[in-house]
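S.K.: Before anything else, here's the structure in question.
The values are calculated or read from the model by the stated rules, or taken from the named source; none is laboratory data. Just so it is clear, the model here is predicted, and its values are computed rather than measured. Because the Cβ atoms are built from the backbone with ideal geometry, glycine has one as well, and the counts that use them run over all protein chains shown. Ligands, DNA and RNA are excluded from the accessible area calculation, which covers all protein heavy atoms including side chains. Shrake-Rupley method; radii C 1.70, N 1.55, O 1.52, S 1.80 Å.
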Amino acid sequence: MSDKSKTDNEIDKSGLSRRGFLGATAVTGAGALVGVTALGSAVMSRESWAAAVKESQQNIHVAPGELDDYYGFWSGGHQGEVRVMGVPSMRELMRIPVFNVDSATGWGLTNESRHIMGESAKFLNGDCHHPHISMTDGKYDGKYLFINDKANTRVARIRLDIFKCDKMITVPNCQAIHGLRLQKVPYTKYVFANAEFVIPHPNDGKVFDLQDENSYTMYNVIDAEKMEMAFQIIVDGNLDNTDADYTGRFTAATCYNSEKAYDLGGMMRNERDWVVVFDIEAAEKAVKAGKFTTLGDSKVPVLDGRKKGDADSQFTRYIPVPKNPHGLNTSSDGKYFIANGKLSPTVSMIEIARLPDLFAGKLKDPRDTIAAEVELGLGPLHTTFDGRGNAYTTLFLDSQVVKWNMAEAVRAYNGEKVNYIKQKLDVHYQPGHIHASLCETSEADGKWLVALCKFGKDRFLPTGPLHPENDQLIDISGDEMKLVHDGPTYAEPHDCIMARRDQIKTKKVWDRNDPFFAPTVEMAKKDGINLEQDNKVIRDGNKVRVYMTSVAPVYGVTEFTVKQGDEVTVVITNLDMIEDVSHGFVMTNHGVSMEISPQQTSSITFIADKPGLHWYYCSWFCHALHMEMVGRMLVEPA
Ligand code: K7E
Ligand code: CUA
Ligand code: CA
């Protein structure tokens with residue numbers, strides 16, 4: 001930490017300088033990380049909280065019949081889905097299954113969803129963290145939302161016209177996609193995805209040494225439209241979070257394990273790890289010029305972004321920052337990459353305008369790009385922005401959100417006496433991500449802030465040993481942050497994103513030509529079936545395809561006969577045109593369930609392994625005679 005940052009400002013009042021740097025000795029384990037905290041000064045009494053909320057309550061009340069101003073997309077964490085929330089009401093509007101299996105819609109069960117999931121459909125779990133909306137000219141264009149799966153090293157895309165996942169890829173040569181962000185300018189051509197863990201290459205069981213020069217991880221660049229790998233860049237150390245700039249040239253990622261250590265103690269050894277800055281234009285040029293290698297069977301171009309001795313690669317620069325940094329956030333004014341110190345009470349502001357000189361070799365020291373190292377409090381994890389020059393950083397250990405002014409922080413770092421800390425607000429408890437409305441775009445509007453708290457104990461009715469988390473809504477439209485809502489959430493949102501409601505344009509009814517079910521339409525064509533009319537059973541050896549329509553409250557086929565052991569595919573086209581009349585299809589005792597919304601075609605395949613009569617029924621309450629929307633599969637013994 002620089003001595004320059006120790007001016008007599010708010011830091012003294014908050015007692016920060018007394019606690020000072022959180023050295024490795026102070027943190028001997030995850031228990032200690034949490035232990036300092038929820039029990040400390042950050043606890044606000046329920047009464048004072050309720051009083052504070054009262055005056056802001058008007059702003060968040062969305063009365064019956066009224067609509068929210070913002071769409072919020074919440075990661076479902078290791079539950080694997082994306083949740084859609086209305087903000088500011090914090091009402092859940094919808095869930096979008098992605099890396100999980102969903103009983104209602106049949107995601108992971110239907111042929112359409114399994115086709116999208118590809119090979120990875122064999123995995124029934126996922127761990128998503130970072131939802132991000134595609135952009136044009138640094139503003140949300142409402143086309144797609146992308147999200148990572150740390151558990152099975154995948155990236156998925158959700159179409160925001162239908163709120164369904166339409167593409168999923170497994171990133172090759174890597175383990176655990178964690179940080180994920182999108183190119184902002186000129187448009188989201190690329191998805192940037194950090195593979196977190198260092199692994200040996202090839203990972204064939206012959207080498208297990210992480211210090212080996214063939215042990216590394218990679219920064220992954222994915223073509224957003226095709227959802228195919230564009231290229232990969234080998235890095236030193238590991239990778240945590242990432243973000244892109246507003247020029248389209250640079251991205252940056254935090255590394256907490258510059259030590260390439262195996263254990264906690266080792267990972268905390270260095271006082272500084274680093275931020276890797278990537279010159280994406282230079283990397284693109286190298287790929288175009290064919291200056292890359294490939295790994296194993298993979299055809300993906302691989303660039304080496306590691307240092308060779310003291311020499312930098314042409315695509316990367318390593319900027320030392322303290323200590324096990326976590327979040328990496330680009331300020332909405334486009335000026336800074338901000339690395340959040342986690343084990344240091346500081347955030348490091350990297351001035352993006354100095355990066356061309358860094359890459360051109362005009363700066364002596366990569367640290368010359370640091371505009372300020374700002375002391376904020378204990379455990380800074382993520383930072384967000386209000387578009388008025390203020391930043392908001394979560395302090396995990398202090399259980400607080402700190403509001404600070406960026407320009408004033410730079411002045412203080414340069415020795416001026418300025419109080420750059422505007423407010424510290426208690427949150428409940430241990431906040432991780434933080435997100436202000438439109439903060440990842442040049443249109444950050446400074447209205448709402450969500451602090452995603454990892455611990456929610458005592459804020460809600462008890463639910464047994466497993467507690468919900470607490471996503472707190474904070475009004476930041478005035479000079480002061482005001483906590484206005486507690487939102488219990490199931491494991492584990494990590495991160496969310498908010499867009500203005502006019503930026504998301506959805507379809508009310510499916511388009512019959514939608515590519516989502518195109519493979520099924522193709523199959524029907526081969527069977528000579530007109531999906532909008534035909535109710536027919538096609539036999540193809542022991543494969544049986546049952547094509548039917550549905551119009552509330554009847555299926556076009558109410559009885560069909562198969563032989564025990566047949567592989568049955570049921571294909572249903574919902575001919576209802578009316579908004580909101582979704583049907584379902586459940587074959588009892590067969591693990592079969594799916595959604596068929598208006599004008600949608602859905603299909604599901606299963607083995608008819610039990611002789612006898614098996615009822616099927618509609619699972620979405622579609623009509624007064626919904627209970628009567630049934631049919632029978634007759635299975636003759638083999
Ligand atoms: Cu939990 Cu963005 Cu995966 Cu921080 S990350 S908290
Ligand atoms: Cu169709 Cu219920
Ligand atoms: Ca470290």
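S.K.: Output needed for the range 471-589: three equivalent-ellipsoid semi-axes, defined as square roots of 5 times the C-alpha gyration tensor eigenvalues, in descending order, whole Å. Mind showing how you got there, number by number?
M.R.: Details: eigenvalues 402, 66, 39 Å².
After scaling each eigenvalue by five and taking roots: 45, 18, 14 Å.
S.K.: Sticking with this structure for a sec: Give me the percent relative contact order of the range 268-353, please, defined on Cα pairs under 8 angstrom at least 6 residues apart. Walk me through the numbers on the way to the answer.
M.R.: Working: 137 pairs, mean separation 23.4, N = 86.
Contact order relative to length: 27 percent.
S.K.: Between beta-carbons, use under 10 Å as the cut-off and find the net charge around K447, counting Lys and Arg +1, Asp and Glu -1. Spell out each step's value before the answer.
M.R.: On the way: positive: R500; negative: D69, D386, D445, D475.
That works out to -3.
S.K.: Report, to the nearest whole %, how much of the accessible area of the chain belongs to carbon and sulfur atoms, 1.4 Å probe, protein only.
M.R.: It is 53 percent, rounded to a whole number.
S.K.: Please report the Cα spread of the range 107-168 along all three principal axes, rounded to whole Å, starting with the longest.
M.R.: 38, 23, 13
S.K.: Per residue of the range 437-445, what does 6.51 cos²θ - 1.76 cosθ + 1.60 with θ = phi - 60° give for ³J(HN,Hα)? Whole Hz please, x for Gly and Pro, Karplus curve as stated.
M.R.: Working through the residues one at a time gives 3, 6, 5, 8, 10, 6, 9, 3, 10 Hz.
S.K.: Okay, next question. Return the FRET efficiency for the residue pair T558, T293: r is the Cβ-Cβ distance, R0 is 51 Å, and the value is rounded to the nearest 0.05. Working shown, then result.
M.R.: On the way: r = 60 Å, r/R0 = 1.17.
Efficiency at R0 = 51 Å is approximately 0.30.
S.K.: Across all directions of projection, what mean area in square nanometres is found for the Cα convex hull of the chain?
M.R.: On the way: hull surface 123.8 nm².
Answer in nm², one decimal: 31.0.
S.K.: I'd like to compare 507-516, 425-434, 61-70: which one has the highest average count of other Cβ atoms within 10 Å, and what's the full order after that?
M.R.: Working: 507-516: 14.1, 425-434: 24.3, 61-70: 11.6.
Put in order of decreasing packing, that is 425-434, 507-516, 61-70.
S.K.: Quick one: 3J(HN,Hα) in Hz for the range 135-140, Karplus 6.51/-1.76/1.60 with θ = phi - 60°, rounded, Gly and Pro as x.
M.R.: Once θ is set to phi - 60°, the couplings for the range 135-140 become 9, 10, 6, x, 10, 4 Hz.
S.K.: Show me the chymotrypsin sites (Phe, Trp or Tyr not before Pro) within the range 223-303 that DSSP assigns to loop and that have at most 11 other Cβ atoms within 10 Å of their Cβ. Mind showing how you got there, number by number?
M.R.: On the way: sites: F231, Y246, F250, Y256, Y262, W274, F278, F292; in loops: Y246, Y256, Y262, F292.
Passing sites in the range 223-303 do not exist.
S.K.: Hey, another quick one. What figure, in Å² to the nearest 10, do you get for the accessible area of K505 with a 1.4 Å probe and non-protein molecules left out?
M.R.: The accessible area comes out at roughly 150 Å².
S.K.: May I pose another question? For the range 105-117, in order, what is each residue's ³J(HN,Hα) by Karplus, 6.51 cos²θ - 1.76 cosθ + 1.60 with θ = phi - 60°, in whole Hz (x at glycine and Pro)?
M.R.: 8, x, 4, x, 10, 6, 5, 5, 5, 5, 5, 5, 6
S.K.: Indicate, rounded to the nearest 5 percent, the antiparallel portion of the DSSP beta bridges found entirely in the chain.
M.R.: Working: 142 of 158 bridges.
Percent antiparallel among DSSP bridges in the chain is about 90.
S.K.: Follow-up. Taking 41 Å as R0, compute the FRET efficiency from the Cβ-Cβ separation of E213 and A491 and round it to 0.05.
M.R.: Details: r = 38 Å, r/R0 = 0.93.
In this case the efficiency is close to 0.60.
S.K.: For R501 and M627, compute 0.36 nm times the residue count separating them, minus their Cα-Cα distance, and round to one decimal in nm.
M.R.: Working: separation 126, 0.36 × 126 = 45.36 nm, distance 3.58 nm.
Here the segment from R501 to M627 would lengthen by 41.8 nm.
S.K.: May I ask for log10 I(q)/I(0) of the range 533-592 at q = 0.20 Å⁻¹, from a Debye sum over the Cα atoms as equal point scatterers with solvent left out?
M.R.: Relative scattering, expressed as log10 I(q)/I(0), comes to -0.81.
S.K.: For K189, what is the net charge nearby, where nearby means another residue's Cβ is under 10 Å from its Cβ and Lys, Arg count +1, Asp, Glu -1? Walk me through the intermediate numbers first.
M.R.: On the way: positive: none; negative: D223, E225, E284.
Value of the local net charge: -3.
S.K.: Once you charge only the Cβ atoms, +1 for Lys and Arg and -1 for Asp and Glu, what is the size of the charge dipole of the range 272-385 about its Cα centre, to the nearest 20 debye? Let's see the in-between values first.
M.R.: Values: 16 positive and 15 negative charges, 55 e Å.
Dipole of the range 272-385, to the nearest 20 debye: 260 debye.
S.K.: Separate question: So, taking all protein chains as they sit and a 1.4 Å probe, how much accessible area belongs to M267, in Å² rounded to tens?
M.R.: Per-residue accessible area (M267): approximately 40 Å².
S.K.: If a/c stays under 1.5 just call it rounded; otherwise compare a/b with b/c (prolate if a/b is bigger, oblate if not). Do that for the range 99-252, with a ≥ b ≥ c from the square roots of the Cα gyration tensor eigenvalues.
M.R.: Working: a/c = 2.43, a/b = 1.16, b/c = 2.09.
In terms of gyration-tensor shape, oblate.
S.K.: Still on this structure, I have one more. If you take the square roots of the eigenvalues of the alpha-carbon gyration tensor of the range 388-463 and sort them as a ≥ b ≥ c, do you get rounded (a/c under 1.5), prolate (a/b over b/c) or oblate? Intermediate values should be presented prior to the final figure.
M.R.: On the way: a/c = 3.31, a/b = 1.65, b/c = 2.00.
Oblate.
S.K.: Report the relative contact order of the range 566-630, percent, no decimals, based on alpha-carbon pairs under 8 angstrom and at least 6 residues apart.
M.R.: Details: 122 pairs, mean separation 23.6, N = 65.
In percent, rounded to a whole number, it is 36.
S.K.: Moving on. By the gyration tensor of its Cα atoms, with a ≥ b ≥ c the square roots of the eigenvalues, what is the shape of the range 459-500: rounded for a/c under 1.5, prolate for a/b over b/c, or oblate? Mind showing how you got there, number by number?
M.R.: On the way: a/c = 3.78, a/b = 1.72, b/c = 2.20.
Taking the square roots of the gyration eigenvalues as a ≥ b ≥ c, the range 459-500 is oblate.
S.K.: Using only Cα atoms, locate the centre of the range 59-88 and the centre of the range 161-180, then give the distance between them in Å, rounded to an integer.
M.R.: 22
S.K.: As a check on your grasp of the helix formula, calculate [θ] at 222 nm for the chain: sum -39500 (n - 2.57) over DSSP H runs of n ≥ 4, divide by the residue count, round to the nearest 500.
M.R.: Values: 10 runs with 71 residues, N = 638.
It comes out at -3000 deg cm²/dmol, rounded to the nearest 500.
S.K.: Now for a different question. Using mean Cβ contacts within 10 Å as the protection proxy, how do 625-638, 145-158 order, highest first? It would help to have the intermediate numbers written out before the result.
M.R.: On the way: 625-638: 15.4, 145-158: 24.7.
Listed from highest to lowest mean packing, they are 145-158, 625-638.
S.K.: Would you work out the relative contact order for the range 105-185, in percent, from Cα pairs under 8 angstrom that are 6 or more residues apart?
M.R.: Details: 163 pairs, mean separation 22.8, N = 81.
Value for the range 105-185: 28 percent.
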